[in-house]
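These notes are about the structure you will find just below.
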Amino acid sequence: MPVLTVLHYPDPKLRKIAAPVEAIDNTVNKLTADMLETMYQAKGIGLAATQVNVQQRVVVMDLSETRDQPLVLINPIIIHQDGFEEMQEGCLSVPGFYETVRRAEKISCRYLTLEGESIEIEADGLLAVCIQHEIDHLDGKLFIDYLSPLKRELIRKKIRKQDREEQKVL
Ligand code: QAP
Ligand code: CO
């Protein structure tokens, strides 16, 4: 299974809005398998299809210590949210940067599984933060959008530099 290329900020493709999955067919199956492989390889806990340049509402996550509890969320939506919480976040598309973001503390989320089953879960803590972070990706939004423009600009410059240095060695 191939590891996919993860787009880095400020790639404009990260700003595209993903379309709902119409049918859970083989292409979606293959996409989620490749996304999971990519996420595990990068030691991430969550990855949205937007980050691998696929504009479909698909998210994979694994919050387990043992890295053997994959979660696939198709067409996820937040149906309730409550309270506020601040947590430090990172992102595979913003490598090397971690900043505190304020989001809803508790959420209810509805999504489809790979089997086409409609699931509703309640989440708080890291799971709630991760779901909100990943759904943001599907809407072209990044966690750094919640920071000041100055901070975001600094991060943009540093990532561009990182990626230029990376290109030299490759
Ligand atoms: C989103 O992010 C998230 O900078 C998932 O060098 C993060 O998996 C939700 C990663 C935190 C809630 C809290 C980032 C790996 C992984 C990096 C990730 C890096 C290597 C980020
Ligand atoms: Co992210």
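Residues of the stretch 77-106 that are closer than 29 Å to R156 by Cβ, within 14 Å of ligand 1 (Cβ to nearest atom) and in a strand (DSSP E or B): E85, E86, M87, Q88, E89, E99, T100, V101, R102, R103, A104.
The residue of the stretch 58-74 that is farthest from ligand 1 (Cβ to nearest atom), among those that are free of Cβ contacts under 8 Å to residues at least 60 places away in the same chain, open to solvent by less than 50 Å² (accessible area, probe 1.4 Å) and more than 18 Å from A23 (Cα to Cα), is S64. Restricting attention to the stretch 1-27, the residues being open to solvent by 90 Å² or more (accessible area, probe 1.4 Å) and either in contact (Cβ under 8 Å) with a residue 60 or more places away in the chain or within 28 Å of R152 (Cα to Cα) (or both) number 5.
From the list E89, E153, E115, E166, the one residue that fits, being of a type in the set (D, E, K, R) and in contact with a Lys or Arg (Cβ under 9 Å, 6 or more places away or on another chain), is E89.
Considering only the stretch 75-89, I want to know if a residue exists there that is surrounded by fewer than 19 Cβ atoms within 10 Å (Cβ to Cβ), more than 16 Å from ligand 2 (Cβ to nearest atom), more than 26 Å from G125 (Cβ to Cβ) and touching a residue at least 12 places away in the same chain (Cβ under 8 Å). No; the residues of the stretch 75-89 include none that is surrounded by fewer than 19 Cβ atoms within 10 Å (Cβ to Cβ), more than 16 Å from ligand 2 (Cβ to nearest atom), more than 26 Å from G125 (Cβ to Cβ) and touching a residue at least 12 places away in the same chain (Cβ under 8 Å). Would you mind finding the one in L36, L31 that is away from ligand 1 (no atom under 14 Å from the Cβ) and part of a helix (DSSP H, G or I)? Of L36, L31, the one residue that is away from ligand 1 (no atom under 14 Å from the Cβ) and part of a helix (DSSP H, G or I) is L31. Taking V52 as the residue in question, decide whether it is of a type in the set (V, I, T) and either closer than 28 Å to R156 by Cβ or within 13 Å of ligand 1 (Cβ to nearest atom) (or both). Considered against the rule, which asks whether it is of a type in the set (V, I, T) and either closer than 28 Å to R156 by Cβ or within 13 Å of ligand 1 (Cβ to nearest atom) (or both), V52 comes out as yes.
Table: residues versus (1) within 20 Å of V52 (Cα to Cα); (2) crowded, with 16+ Cβ neighbours inside 10 Å.
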| residue | (1), (2) |
| --- | --- |
| S118 | no, no |
| I131 | yes, yes |
| H137 | yes, yes |
| K141 | yes, yes |
| D145 | yes, no |
| R152 | no, yes |
| I155 | no, yes |
| K161 | no, no |
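Rundown of residues vs (1) in contact with a helix residue (DSSP H, G or I) (Cβ under 7 Å, 6 or more places away or on another chain); (2) over 24 Å from P20 (Cα atoms), yes/no style:
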residue	(1), (2)
T50	yes, no
Q56	yes, no
I77	no, no
E86	no, yes
E89	yes, yes
S93	yes, no
L114	yes, no
A128	no, no
E134	no, no
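Number of residues in the stretch 28-54 that are open to solvent by 30 Å² or more (accessible area, probe 1.4 Å), in contact (Cβ under 8 Å) with a residue 60 or more places away in the chain and out of contact with any strand residue (DSSP E or B) (no Cβ under 9 Å at 6 or more places or on another chain): the value is 1.
The values are calculated or read from the model by the stated rules, or taken from the named source; none is laboratory data. Predicted model only: the values in this text are computed from it and were never measured. All Cβ positions, glycine included, derive from the backbone under ideal geometry; neighbour counts span all protein chains shown. Each accessible area value is taken on the protein alone, full model and side chains, heavy atoms only, with ligands, DNA and RNA left out. Shrake-Rupley method; radii C 1.70, N 1.55, O 1.52, S 1.80 Å.
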